[in-house]
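What follows is one structure encoded as C-alpha cells, with my remarks underneath.
The values are calculated or read from the model by the stated rules, or taken from the named source; none is laboratory data. The shown structure was predicted, so the numbers you read here are calculated from the model rather than taken from an experiment. Cβ: placed from backbone, ideal geometry, glycine included. Neighbour counts: every protein chain shown. All accessible areas refer to the heavy atoms of the entire protein, side chains included, with ligands and DNA or RNA removed. Shrake-Rupley method; radii C 1.70, N 1.55, O 1.52, S 1.80 Å.
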Amino acid sequence: MLEASHLHYCIGPRSIVKQACFRVKPGELVALLGPNGAGKSTLFRLLSGEVIGKQGEVCYNGKPIPSFSSAALSKVRAVMPQSSHLNFPFSAREIVEMGLSMVQTRRKDLVVEEVMELTHTLEYKNRMYHHLSGGEKQRVQLARVLTQIWEKQPYARYLLLDEPTSSMDIAQQQHVLKIVRELKSRNIGILAILHDLNLAASYADRVMLLKNGDVRHQGPTHEVMTSAKLEEVFDHPIQVIKDKERGNIMIHPVPHQKENQLHYHTA
Amino acid sequence: MLAVNPTIEKRKLHVLLLFSLTVGVMGVGLLSATMGAYAIPFSAVLSILLDQIGVQWGEFEPRQATVFLQLRLPRILLAMLVGAGLGISGAALQGLFRNPLVEPGLIGVSSGGALFAVLFIVFGDQVPWLVELTGSFGLPLFAFLGGLINVLLVYRLASMAGKTDIALLILAGVALNALCGALIGLSIFYADDAALRNFTFWSLGDVGGANWTKVSIGSLLIGIPALVLSSQYKQLNALAIGESEAFHIGVSVQRVKYIVLMLSALMVGVGVSMTGTIGFVGLVVPHLIRLLFGADHRLVLPASILVGSLLLSFADLLARVMVMPAEMPIGIITAIIGSPFFIWLIMNVKTINNR
C-alpha cells in the first residue's frame, strides 16, 4: 500500500499541500486531477520521495520513505516525470536501458526489447533521443520507467505518472493508458496525474480531486466525477454524460455561450 | 527478430575501442621516447626497457639509459597521468553538471589548485611542521584542497533546489578564476624564490620538472581516483536524464556528487601542482569521444582516461620537438591543437549527430 498521512507542505507562508490523506492499493489505478497550481506536482514529488516534507509521512508497504535508501526505494516505485531534458547524445534504446541501471537482472536485453515493443518505440531504438518528437520522447521515457518494475516481484509496487500522455495523439494516449491498466494485474498500484478528464473517467478506478492543495474529493470514479464536484474544483461548468451502452461516463466542459463578452482596454 | 544480442555487440565494440586506444597511447609513448633534444634510437629504447626487466637484448650507451630513465620516461609517464586525470575529470564533471561546456579549468578547479600550490610553496616555510609532516605529499594535497574549495564554492553558488543553473556556474567559475589568477600573481610577486617567478608555469603548464617521485605520487593520487571514477558510469548515465530521474532510478545522487567533485578536485589539483594548469584537455577529450562514439559513460569515462593520456603525451612531444633545443609551455600546444579542433567540432556537431 502507498499511504500518505497528513502530508503538509509549505513554501514560505503559503501551504502548497494541505493535510493530504489517501491510499493507493496495489492493483488499482488512481487518477489525480485538479486545475493548474492545485499542488499536484508538489504532491507528486512528496510521493516520489524527491521532496521530504516536515509534516506528515508517505509510506510504501508500511515503511516511511526516509527509512528507504534511494536504491531500495527504486525497487518499490517507479516515477515518470512530466518531461526530461537531455544534453548528451543518447540513443532511445540507451535511455530505456537506464531504467535498469540499478537493477540486477540477467534478462536485461529481453526486458528492454519487450517493453520497447509494447510502447511502440522499438522501431526507432537507434535514433538519437533529442531528434524524437514530443510524443515519441514520452513513450521512450515511459518504456524506461516500465523496465524498472517489469520483472515480477513477490511484493507490491507502485508507479507514479505525471501527465504521461501530454504530448501524445489520441491513439497513443489510449494505448498508454491500456498498458498502464494492464500493470494492475502485476500487483502494481498506479497514481497518475492526468489532464484529460475523459482519460481519467475511462481508465481510473478511483479519482482524487485536488484544489488549492486540498484533496477535496476522493473515491470511486463514478462517485467523484459528477458535474457538481468537477465544477467546484475546476471553476467551470462541466457536463457529465452517462453512456448507458458502454457503462462509462463522458466529460464535457461546457463552452462559453455568448460571443463578444470580453472587453479590452487596448483593442 | 535479429539474432544479434545488442548489449554484447556494444560491449565488444567498447573493448575493441579501448584496446586500440591503449595501443595508441603506448605508440605515442614509444615515439615520444625516441624523439627530443637528445635522440635515442628506437632499438636502444627497447633494449633499455628490456634491460630493466633483466633481459639482455641489443645495445645501448649508458648515457642513453640515463637520459631515458631519469628524464624522458618519467616525463612521458607524468604527461600521461596528468592527461588522464584531466580527461576523466572533464568527462565526469560534464556528466555531473549535465552540461558539455563544463571543464576543470572553466569552473575554477585548476586555478584553485594552482593558487594553493603557490601559497604552499611561498608561505610553507612559515609552518615548518606542516611541510615536515606531509613531505612530498604536501604540495599535491594542498593543491587538491584549493581545487576542492573552488569546485564546492562554484557548485554551491550555481545550485538551487537540486537544479544547477549553468549560467551562474560559468559566471562563478569566471569570477573565481580571475580572483585566483590575481592572487597567484600577487603571491609570486612576494616570493623570493626565483624559480617561482615563472608565472607561465602556472598559467600555461610545463611537464619538464618530471621525476620518479612525481610519477609515483601521480599514479597514487591520479591513477587510482581515475579508476574509481570510471566505475561510476551507471550513476552518471542516469544523471544525464536529470537529477530527479536519477534518484527515481535508484541512484544516490548526493553520493555521486561528492565522489565526482572530490575525485576530480584531487586529480586536477595533484596534476596542477606538478605541471601547472593545462587547459582544453578536459573540455575537448570527452567531447571528442561523445561525438564519435556516443554518450554512454561506460565508454566515455575509460576512453577519456586514454585519450587524455594520448593527447597530453603527444602535446608534450610537440612541445619538446618544435623549438628544439628549447621547450614550449605545453599549454600553448594544447590550446593550438585544442581550439581550432574544438571549433571544427562545434561546426560539425549537427552533421555528426544526424548520421
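Just checking the output field for A:72-85: average partner chain Cβ neighbours within 10 Å of each residue's Cβ?
Working: counts 1, 3, 7, 1, 0, 1, 3, 5, 2, 5, 0, 1, 5, 3.
Mean shielding by partner chains, rounded to a whole number: 3.
Calculate what fraction, in whole %, of the accessible area of the protein assembly as shown sits on carbon and sulfur atoms when a 1.4 Å probe is rolled over the protein chains.
Percent of accessible area from carbon and sulfur atoms in the protein assembly as shown: 61.
Enter the buried accessible area of the B/A pair, total of both sides, probe 1.4 Å, in Å² rounded to the nearest 100. Let's see the in-between values first.
Values: alone 17180 and 14360 Å², together 28810 Å².
Its buried surface, counting both partners, is about 2700 Å².
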Please work out the average accessible area per residue across region B:76-353, using the 1.4 Å probe convention, and give it in Å².
39 Å²
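Once you list every other residue whose beta carbon is under 12 Å from the beta carbon of B:L69, what net charge do they have if Lys and Arg are +1 and Asp and Glu are -1?
On the way: positive: B:R63, B:R72, B:R75; negative: B:D51.
Once all neighbours under 12 Å are counted, the net charge is +2.
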Please work out the Cα center distance from region B:231-297 to region A:141-202, rounded to the nearest Å.
33 Å
Before rounding to the nearest 500, sum -39500 (n - 2.57) across all DSSP H runs of length at least 4 in chain B and divide by the residue total; then give [θ] at 222 nm in deg cm²/dmol.
-24000 deg cm²/dmol
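Rg to Rh for region A:101-200: what is it, with Cα atoms only and Rh by Kirkwood? It would help to have the intermediate numbers written out before the result.
Numbers: Rg = 13.6 Å, Rh = 14.3 Å.
Looking at region A:101-200, the ratio lands at 0.95.
B:L220 to B:M35: extension gain in nm, 0.36 nm per residue of separation minus the Cα-Cα distance?
Working: separation 185, 0.36 × 185 = 66.60 nm, distance 2.78 nm.
The span from B:L220 to B:M35 would gain 63.8 nm if fully extended.
Send over the semi-axes of region A:170-267's equivalent ellipsoid, whole angstrom and largest first, taken as the square roots of 5 times the C-alpha gyration tensor eigenvalues. The partial results should precede the final answer.
Working: eigenvalues 177, 51, 45 Å².
Ellipsoid semi-axes (Å, largest first): 30, 16, 15.
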With a 1.4 Å probe on protein heavy atoms only, tell me which residues of region A:31-62 lose at least 50 Å² of accessible surface in the complex relative to the chain by itself.
A:E50
For chain B, what is the relative contact order in percent, using Cα pairs closer than 8 Å and at least 6 residues apart in sequence?
29 percent
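Can you give the longest stretch of chain A with no exposed loop site, where a site means chymotrypsin sites (Phe, Trp or Tyr not before Pro) in a DSSP loop (not H, G, I, E or B) with at most 11 other C-beta atoms within 10 Å?
On the way: sites that count: A:Y155, A:Y264.
The longest such stretch corresponds to A:1-154.
In peptide B:255-263, how many Cβ atoms from other protein chains are near each Cβ within 10 Å, on average?
Values: counts 1, 0, 0, 0, 0, 0, 0, 0, 0.
Mean shielding by partner chains, rounded to a whole number: 0.
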Spin-label proximity, A:D109 to region A:119-151 - amide N less than 20 Å from point 7 Å beyond Cα toward beta carbon
A:119, A:121-127, A:144, A:147-148, A:150-151
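May I ask you to give the solvent-accessible area per residue for chain A, in square angstrom, as obtained with a 1.4 angstrom probe? Walk me through the numbers before you get to the answer.
Values: 13000 Å² over 267 residues.
Heavy-atom SASA per residue in chain A reads 49 Å².
Kirkwood Rh and Cα-based Rg: tell me the resulting Rg over Rh for region A:1-145, rounded to two decimals. All intermediate terms of the calculation are to be shown ahead of the outcome.
On the way: Rg = 17.3 Å, Rh = 17.1 Å.
Checking Rg against Rh, the ratio lands at 1.01.
Scaled to the compact-protein estimate 2.2 N^0.38 Å, what is the alpha-carbon radius of gyration of chain B, rounded to two decimal places? Provide the component values of the computation, followed by the final result.
On the way: Rg = 20.9 Å, N = 355, 2.2 N^0.38 = 20.5 Å.
Scaled against compact globular proteins, the figure is 1.02.
What FRET efficiency, computed as 1/(1 + (r/R0)^6) with R0 = 56 Å and r the Cβ-Cβ distance, is obtained for A:E117 and B:Y190, rounded to the nearest 0.05? Let's see the in-between values first.
Details: r = 69 Å, r/R0 = 1.24.
Once the sixth-power term is evaluated, E becomes 0.20.
If exposed GluC sites (Glu not before Pro) are those in a DSSP loop with at most 12 other Cβ within 10 Å, what is the longest stretch of chain A that has none? Please report the intermediate quantities before stating the final value.
On the way: sites that count: A:E245, A:E259.
Value returned for the longest uninterrupted segment is A:1-244.
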Counting sequence-distant residues (5 or more places) and residues on other chains, those with an amide H built under 5 Å from that of A:I249 are A:D243
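Would you mind calculating the gained length between A:N61 and A:E232 on full extension (0.36 nm times residue separation, minus the Cα-Cα distance), in nm to one decimal? Mind dumping the intermediate values first?
Details: separation 171, 0.36 × 171 = 61.56 nm, distance 3.33 nm.
Stretched out fully, the A:N61 to A:E232 stretch lengthens by 58.2 nm.
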With label points set 7 Å from each Cα along the Cα-to-Cβ direction at B:N99 and A:I52, the distance between them in nm comes to 2.9 nm
Sites A:H265 and A:I241, calculated FRET efficiency, Cβ-Cβ separation with R0 41 Å, nearest 0.05:
0.60
Computed curve, region B:72-149, Cα-only Debye sum without solvent term, log₁₀ I(q)/I(0) at 0.13 Å⁻¹, is -0.50
Residue by residue through region B:99-110, what is 3J(HN,Hα) from phi via Karplus (6.51 cos²θ - 1.76 cosθ + 1.60, θ = phi - 60°)? Round to whole Hz and write x for glycine and proline.
8, x, 8, 6, 8, x, x, 5, 8, x, 5, 5
How long is the protein assembly as shown along each principal axis, judged by its Cα atoms, biggest number first, in Å?
100, 59, 56
In order through region B:317-322: 3J(HN,Hα) via Karplus (6.51 cos²θ - 1.76 cosθ + 1.60), integer Hz, x for Gly, Pro
4, 4, 4, 7, 8, 5
Hey, can you grab everything whose amide H is under 5 Å from the amide H of B:T277? Only 5+ residues off in sequence or another chain; H modelled, so Pro and N-termini drop out.
B:S203, B:L204, B:G205
Scaled by the rule-of-thumb 2.2 N^0.38 Å, the alpha carbon Rg for region A:2-253 gives a ratio of 1.01
Quick one: if you stick a label point 7 Å off each Cα along the C-beta vector at A:I170 and B:A175, how many nm between them?
5.4 nm
Using a 1.4 angstrom probe and counting only protein chains, how large is the accessible area of A:T42 in Å², to 10?
30 Å²
